Amino acid sequence: MQFARIPCITAVALVSMVMHTLTDVSGTASKLAAAAQTDSLCRPQQVHLALTADPTEMRVSWKTLGSSCDARVEHWHLRRSNLAQNATESLHQRPDGNAISSSYSSDDMCASPATDFDFAPLNLHTYVMTQLEAGEWYEYQLTGLSDALSFRASPTPGPSSKVSFVVYGDMGESDHARAKSPGAAATAEYVSREVIYNEVDLVLHVGDISYANGDPEIWDTFMDYIEPYSSRAPYMISIGNHEYDYRTGKEKHKSHNKDPSGAGSPYEPDWGNYGNDSGGECGVATARRFIMPGATLTDSPDSAVENHSRRENPPFWYSFDYGSVHFVMLSTEHDATPGSHQYEWLEWHLEGIDRCITPWLVVGAHRPMYVVHPHKSNRIVADHLRDSLESLFNHYNVDLVLSGHVHSYARTCNVFDEKCVDNLDKGTTHVTLGCGGHRLSECRQKTVEDKRQCTTCNQQFCPKCLTNRYGVQQEQASRQPKWSCPKCLKNCSCSYCRKKAGLAPTGILATTAKSLGFASVAELLKANPDAAQAVQAAKEVKSSQANKFEDAAAEGKKRTPIKGGPKRKNVDACQEAPAGAVPDQELPSRLRPMPVAQTLALQKPSGQGAGWPKALPQSVALPADCATGDLLEVLEFAQVFSHHLSCRETSSAALAAELLQNCSAEMDSQRERSTSPLGHLHIQLLSVERCSHGSCHTYWTCYPIWTGCPFWTCYSL
């Protein structure tokens, strides 16, 4: 083997070159890593759109992890599918400056636990895209995002403009609070489909947004949930109790109150169930993340949301137009009684809406004015909201009120003063949509709270029912080892017992009793056994409160015109009648139509051991009415308990088919009791019932079986 001789100086030069090359490579790698880290820190997250007061604009807001990022909208332009073939880059709109940035931290919160999280200031950015053509699709590009996003500009306001929107309340997120908001992830998925595939115009969230209680991680998770559709359609919100309500105390908010609504202190009427539901956020996180129409922003982070218009107070109360609809968003977490800042703004604003341009008037407010679910504290709040607002809504022909708070769905008729009325005369339809993700409400008597059980009849009573209806305190009942309920003591005031005693039923009277100064319904009925005088007095009080607005108008109450307000034009002054509801046949077809309802039928399963009685036909049609719901309840019971009842294996289809059969003499004679899955289920249930009383012996029993109509069948046990 031979080695080449290399001069020493040449060897040193080669080593130097190698080391220099390695240094360059290392430096380049470090720069690439730093650039990648910068890209990650400056990548826009949680992108969401919002309308402004100008229909030719669209606001886009986002968050970055880094604090010194180049936060801007690079350009926006008509979507390429809308452009002519010879279109040029001149159609691009370019911003005249960077986005306005703002932030907040735990120091900005009003009370604990929000003040205890001690997180660094967030990096929030917002920019308004301008000069948009009405109803056109646009693409926009944020610095740091590789892909462009798209949205549709607002249509020109007018009575013939068609509008579609998704609305819900009480959503939250399922990552941190799956037990509390089990349906949030599904809501986000379904709304994404509606916005992306069916091109819904905008999304309304009527309060109780993230349930974060000041935790920025929960807020971030919620914003990630909605980004797939909030980056494509405006996401408009109203304030709920879990965004604003807080309690005063020894917290540091006393020395520097950061309440962005300017209220100075929380709203705590003695009749309400207002508490520390926001965990001390007092609306700060919501106001900084969701910039609603009417907000005036500056470059100062501390004043990014606080320098809002004095006339409206976004995001607490504000308004906006979209096509043929004028939306008014209110805060039920602030004072809305006559004379309050919010009421005075609302009264002036409703008077000035041009119903010739926007014939539809929709109000969004978190707490409902009509509560049908058995939430007594919420019904009391609803009564006060109606006393303050219902006459005003009726006077200005509000068409629709959208609310949440109660975790269920309900819709009223066209209602005024708790009565259905002709919609051509007066009244408003109220819809409660507090089922956006939060677990649904249950009747109080089905919950696991401390209840008192009667030792005579074993019926259970919740504490509020005892107090409000019967005037019995829970502590008083608990001290009695053998406590008997009012029904067993023959002094029950429920409608059922009153009817048995020949008295008129009273209906729900707890709120009426308290409004008239009685501690309970029992006390009211003791003073007025037939309750007629008390109810009449309550109606007179309500009527007096409902006429406050009309009395003020009759006295010639004058209002100072406000510069820049909407046009003073009433719907009756329109030259042409405003557009009404669009007939279904005129609505545009959905990109992904809903499936057409089809008649469903049960088919005999293939294979052996299915338990399908010979007398049953091969196919049994499912009913189209509510009987299907009853059927599903029976099948669910059988599925859950068949193992515990030691039932033989059978198919749900066979059991369902037998349940759906119409009874007839021929059917009864042909029924094979040995193979009947329904008969076997009854036998096992009766066996359990018989054994539970300590006598597990064979006996004969006859009982009705429901198969469309009852008939009697006897079995040996």
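Whole-Hz Karplus values for the range 384-396 come out as 5, 5, 5, 4, 7, 10, 5, 5, 5, 4, 5, 5, 9 Hz, taken residue by residue from phi with 6.51 cos²θ - 1.76 cosθ + 1.60 and θ = phi - 60°; glycine and proline positions read x. A DSSP coil position with no more than 16 other Cβ atoms inside 10 Å describes the following trypsin sites (Lys or Arg not before Pro) in the range 333-438: Lys426.
Extension gain, Glu475-Tyr190: 0.36 nm per intervening residue step, less the Cα-Cα distance, totals 97.9 nm. The range 111-195 gives an Rg/Rh value of 1.06, both radii derived from C-alpha positions and Rh following Kirkwood. Annotation: for a label point projected 7 angstrom from Cα along Cα→Cβ of Thr337, residues of the range 374-411 with backbone N closer than 19 Å are 377-393. Between the amide H of Ala601 and those of Leu622, distances stay under 5 Å, these residues lying 5 or more places away or on another chain, with hydrogens modeled in the peptide plane.
Could you compute the FRET efficiency for Leu635 and Asn528, with r as their C-beta to C-beta distance and R0 at 45 Å, rounded to 0.05?
Details: r = 49 Å, r/R0 = 1.09.
Calculated transfer efficiency: 0.40.
Highest mean packing comes first when the peptides 47-55, 209-217, 267-275 are listed by Cβ atoms within 10 Å, giving 209-217, 47-55, 267-275.
Computed on the range 114-191, with alpha-carbon pairs under 8 angstrom and 6+ residues apart, the relative contact order is 17 percent. Each label was represented as a point 7 Å from its Cα along the Cα-to-Cβ direction; for Lys604 and Leu622 these points are 2.1 nm apart. Projected label points at Asn491 and Asp417, each 7 Å from Cα along the beta carbon direction, are separated by 3.6 nanometres.
Our coupling estimate for the range 411-420, obtained by passing each phi through the Karplus curve with A = 6.51, B = -1.76, C = 1.60 and θ = phi - 60°, is 9, 8, 6, 5, 10, 8, 6, 6, 10, 6 Hz, Gly and Pro reported as x.
Pulled fully out, how much extra length does the chain show between Trp271 and Lys482, if you take 0.36 nm times their separation in residues and subtract their Cα-Cα distance?
Numbers: separation 211, 0.36 × 211 = 75.96 nm, distance 3.43 nm.
The Trp271-Lys482 span can extend by a further 72.5 nm.
Here the gap between Tyr409 and Asp39, fully extended at 0.36 nm per residue and compared with their Cα-Cα distance, gives a gain of 128.8 nm.
Here the Karplus curve 6.51 cos²θ - 1.76 cosθ + 1.60, taken at θ = phi - 60°, turns the phi angles of the range 50-57 into couplings of 8, 6, 10, 6, 10, x, 8, 10 Hz, with x standing for Gly and Pro.
Restricting to bridges with both residues inside the range 308-447, how much of the DSSP beta-bridge set is antiparallel, in percent to the nearest 5? Let's see the in-between values first.
On the way: 13 of 25 bridges.
Within the range 308-447, antiparallel bridges account for around 50 percent of the total.
For the charge dipole of the range 197-288, defined by +1 on Lys and Arg C-beta atoms and -1 on Asp and Glu C-beta atoms about the Cα centroid, which residue among Ser230, Tyr246, Ala212 has the Cα displaced farthest towards the positive pole? Of Ser230, Tyr246, Ala212, it is Tyr246. Exceedance of the 23 Å cut-off in Cα-Cα distance is limited, within the set Lys180/Lys258; Lys419/Lys487; Lys451/Lys490; Lys419/Lys500; Lys490/Lys526, to Lys180/Lys258; Lys419/Lys487; Lys419/Lys500. Sorted on the mean count of surrounding Cβ atoms within 10 Å across their residues, most packed first, peptides 175-181, 399-405, 239-245, 651-657 read 239-245, 399-405, 651-657, 175-181. So if we plug the beta-carbon distance of Asn98 and Val372 into 1/(1 + (r/R0)^6) with R0 = 45 Å, what FRET efficiency do we get, rounded to 0.05? So the FRET efficiency works out to roughly 0.35.
Where a number appears in this text, it was derived from the coordinates with a stated rule and is not lab data. What you see is a predicted model, and the numbers here were worked out from it, not measured in a lab. Ideal geometry is used to build each Cβ from the backbone, glycine not excepted, and the neighbour counts take in all protein chains shown.
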